[in-house]
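The values are calculated or read from the model by the stated rules, or taken from the named source; none is laboratory data. These numbers were taken from a predicted model, which means no experiment stands behind them. Counting neighbours? That spans all protein chains shown, and the Cβs are built from the backbone with ideal geometry, glycine included. Note: areas computed on protein heavy atoms with side chains; ligands, DNA, RNA excluded. Shrake-Rupley method; radii C 1.70, N 1.55, O 1.52, S 1.80 Å.
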Amino acid sequence: EVAIILNDTYNGRSAQDADARTVLAALTIEKLNPEVHTCAELSSAENEPHLRMGKVDEIIISGEVSGSLLAQAAIDSVGARILHNLLSPVVGCNLRLFSVDEKWYGRTFSDLLSEYHKETGRLPVAIFCAAGGAKVNEGSYVLKTGDGLYCLDGRVQL
């Protein structure tokens, strides 16, 4: 169902060679079975168009994530630690998709924030739209049947 292709620089392989191998593997998977949800890691954004043309589902540029964390740390170290905790699978606080109980349908995102948090302990940050896509912190969006909520789940003390 899912293929995760990590950028492999083992044994001194260059980043360019690792990206080429990632592109080849991802395109091969998509060709053999387009139904597989393919996630690929690249070290350089210059290879991203190849994966987009090959209809790879998710592309992560590893340098962008660490670069963003470094930039955030330079501006606000606590904010950087919060982001790091959200990205770390072992800390206990993460961003997850949850289904929405029928009682929330017809209400705006803003209307449900406080009450949803009180009931579940989760903090909604975005809506997964049943019609496709997602809306981040869009207060006026009215939840519809089939929508989901991306929520911060868990607690972390910094």
Requested in this report: Output the number of residues of region 131-152 satisfying the condition of being out of contact with any Phe, Trp or Tyr (no Cβ under 9 Å at 6 or more places or on another chain), small (Gly, Ala, Ser) and not in a loop (DSSP other than H, G, I, E, B).
Outcome: 0
Requested in this report: Mind listing just one residue for me: the one in region 135-155 that is among the aliphatic types (A, V, I, L, M), surrounded by 12 or more Cβ atoms within 10 Å (Cβ to Cβ) and at pLDDT 90 or above and, of those, farthest from Leu87 (Cα to Cα)?
Outcome: Val142
Query raised in the report: Looking at Asn94, is it over 18 Å from Val136 (Cβ atoms) and not small (Gly, Ala, Ser)?
Result: no
Query - Hits in region 112-128 - residues which are in contact with a strand residue (DSSP E or B) (Cβ under 9 Å, 6 or more places away or on another chain) and either assigned to a helix (DSSP H, G or I) or over 12 Å from Leu149 (Cα atoms) (or both) - result: Leu112, Leu113, Tyr116, His117, Thr120, Gly121
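Okay, residues lined up against (1) of a type outside the set (Lys, Arg); (2) touching a helix residue (DSSP H, G or I) at 6+ places or on another chain (Cβ under 9 Å):
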{"site": "Ile59", "(1), (2)": "yes, yes"}
{"site": "Leu70", "(1), (2)": "yes, yes"}
{"site": "Leu87", "(1), (2)": "yes, yes"}
{"site": "Arg96", "(1), (2)": "no, no"}
{"site": "Gly132", "(1), (2)": "yes, no"}
{"site": "Ser140", "(1), (2)": "yes, yes"}
{"site": "Gly146", "(1), (2)": "yes, no"}
Report summary line: Expected single match for open to solvent by 40 Å² or more (accessible area, probe 1.4 Å), in a strand (DSSP E or B) and without any contact (Cβ under 8 Å) to a residue 60 or more places away in the chain among Leu95, Leu83 is Leu95
Requested in this report: Quickly run through region 121-134 and pick out the residues that are modelled with pLDDT of 90 or more and either of a type outside the set (A, V, I, L, M) or open to solvent by less than 30 Å² (accessible area, probe 1.4 Å) (or both).
Outcome: Pro124, Ala126, Ile127, Phe128, Cys129
Query raised in the report: Which condition number does Leu158 fail, the rest of (1) touching a Lys or Arg at 6+ places or on another chain (Cβ under 6 Å); (2) of a type in the set (A, V, I, L, M, F, W, C); (3) at pLDDT 90 or above; (4) exposed (fewer than 14 other Cβ atoms within 10 Å of the Cβ) being met?
Result: (3)
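Mind checking which residues of region 29-59 are within 18 Å of Ser14 (Cα to Cα) and aliphatic (A, V, I, L, M)?
Ala40, Leu42, Ala45
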Query - Complete set of residues in region 105-117 that are of a type outside the set (Ser, Thr, Tyr), over 24 Å from the mean Cα position of the chain (by Cα) and surrounded by 13 or more Cβ atoms within 10 Å (Cβ to Cβ) - result: Arg107, Asp111
